[in-house]
Amino acid sequence: MDKKTIRDIDIKGRRILVRVDFNVPLDIKTGAITDDSRIQAALPTIKYLIDHNAKVILCSHLGRPDGKAVEGLRMAPIAQRLSRLIEAPVVTVPDCIGQEVEKAANSLRDGQVLFLENVRFHPEEKENDTKFAQALAKLAEVYVNDAFGTAHRAHASTVGVTKYLPAVAGFLMEKELTVLSGILNNPAHPFVALLGGAKVSDKIGLIQNVLAKVDLLLIGGGMAATFLKVQGHEVGLSPVEEEKQDIAQKLLEDASHNGVSLLLPVDVMIAGSISGESAGVVVDIRDIARDKYIVDIGPRTISLFSQKIKGCRTVFWNGPMGVYEILQFASGTKALVNLLAGLEATTIIGGGSTAEIVEEMNLSDKMTHVSTGGGASLKFLEGKILPGVAALLDK
Ligand code: 3PG
Ligand code: MG
């Protein structure tokens, strides 16, 4: 990686502002953390700083509070979880800037940890406001960005603050960039990308960028409907992005020009409604009824995709194959998670919902890498420069 990391800078006894992405999923009813992978993933950086006698000042956003304090999006429960994981106290404060916070930061002893309140309680965070960035910078002597999941956002705590402090990457940031640039620049072939999720529009940039790199592209999930429609199939009530049909057509052509085999489902599960009460029926893609929704890939597609994936040495996956939140429509997604977990190949899981499914199935440690960035990993694989990364010091 061409950016400086915490290994390259003097941290002993210094106040270090660490931007983490602890925007973890919470249970809607109880507010409990349902997946703490993002906290776990930042532990190597936090432990390293503690072990090297730094004064650690963590900051993150949680949810989208829209520039005001929202009780359910306070950082205290996250700080508690962190405290349990590092087996050390984590001091919290009611804000992320201001005199009281400065006092807490200045009274930290070597190896102590302070956790600031949700940075998005201030509208200035997302506006990348100069004064707000300066107020954050005032708390510390060094800035570390370990928030890969937020690196695609040019906010005050990811970009603005780097104007006022020496800014380096943490270990999670380093690992994400190394693994993801590895599959872009130097993948072991054959290389397959397995893409799903609701919308084609979310994945166009990614497909365009990887067409020159992959050998095989497998498409399932909601986004397959737009491609199937372009190929002349009836897709029933499945949402189709009409305005993206030309692009889908072009992607099919580009794949063929690039010698990439792009495969779509050969059978699907359809249902009368997208709800837990509705039972699914498997049909050939030529037999999708007009009054039904596509809700999953079918068993023949699972075997076809599995057989293709088994022949590959690098697998990248982003996006579920069906409506996985509903048990009876989750088979395609689960079958492929299980398949990937048993492969010898390099398996990289894009972040967001795909990562949450793998974690829910307790199979994260069977994958080569599960990214902590949803939007960020997509942007990166589109070939875009992430502002939070660009702002860090070059080696
Ligand atoms: C995410 O989960 O996508 C990141 O934490 C960034 O959050 P955002 O999408 O609300 O900017
Ligand atoms: Mg997001």
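The listed residues are 76, 42, 69, and the only one of them that is out of contact with any helix residue (DSSP H, G or I) (no Cβ under 8 Å at 6 or more places or on another chain) and of a type in the set (A, V, I, L, M, F, W, C) turns out to be 76.
Evaluation of residue 91 against the conditions (1) exposed (fewer than 15 other Cβ atoms within 10 Å of the Cβ); (2) under 16 Å from residue 20 (Cβ atoms) shows that the sole unmet condition is (1). Among the residues making up the range 221-270, none is over 19 Å from residue 206 (Cβ atoms), outside any loop (DSSP other than H, G, I, E, B) and within 26 Å of the chain's Cα centre (by Cα). Could you count how many residues in the range 354-369 are in contact (Cβ under 8 Å) with a residue 40 or more places away in the chain, in contact with a strand residue (DSSP E or B) (Cβ under 8 Å, 6 or more places away or on another chain) and away from ligand 2 (no atom under 16 Å from the Cβ)? Matching residues across the range 354-369 total 4. Hey, does the range 7-29 have a residue that's away from ligand 2 (no atom under 16 Å from the Cβ), in a helix (DSSP H, G or I) and closer than 28 Å to residue 369 by Cα? Looking for residues that are away from ligand 2 (no atom under 16 Å from the Cβ), in a helix (DSSP H, G or I) and closer than 28 Å to residue 369 by Cα, one finds at least one in the range 7-29, hence yes. Just so you know, in the range 317-353 the residues that are of a type in the set (S, T, N, Q) and touching a residue at least 60 places away in the same chain (Cβ under 8 Å) include one that is farthest from ligand 2 (Cβ to nearest atom), and it is 331.
For the range 357-378, the set of residues classified as buried (at least 19 other Cβ atoms within 10 Å of the Cβ), part of a helix (DSSP H, G or I) and within 13 Å of ligand 1 (Cβ to nearest atom) consists of 376, 377, 378, listed by residue number.
Here residue 277 qualifies as over 18 Å from residue 226 (Cα atoms) and either among the acidic types (Asp, Glu) or crowded, with 20+ Cβ neighbours inside 10 Å (or both).
Residues that are out of contact with any His (no Cβ under 6 Å at 6 or more places or on another chain), more than 20 Å from residue 141 (Cβ to Cβ) and part of a loop (DSSP other than H, G, I, E, B) are absent from the range 37-55. In the condition set (1) without any contact (Cβ under 8 Å) to a residue 12 or more places away in the chain; (2) farther than 22 Å from residue 161 by Cα; (3) hydroxyl-bearing (Ser, Thr, Tyr), residue 107 is compliant with all but (2).
Readers should treat all values here as calculations from the given coordinates under stated rules, not as data from a laboratory. Because the structure is predicted, anything quoted here is derived from the model rather than measured. For neighbour counting, all protein chains shown are included, and Cβ atoms are generated from backbone atoms with ideal geometry for every residue, glycine included.
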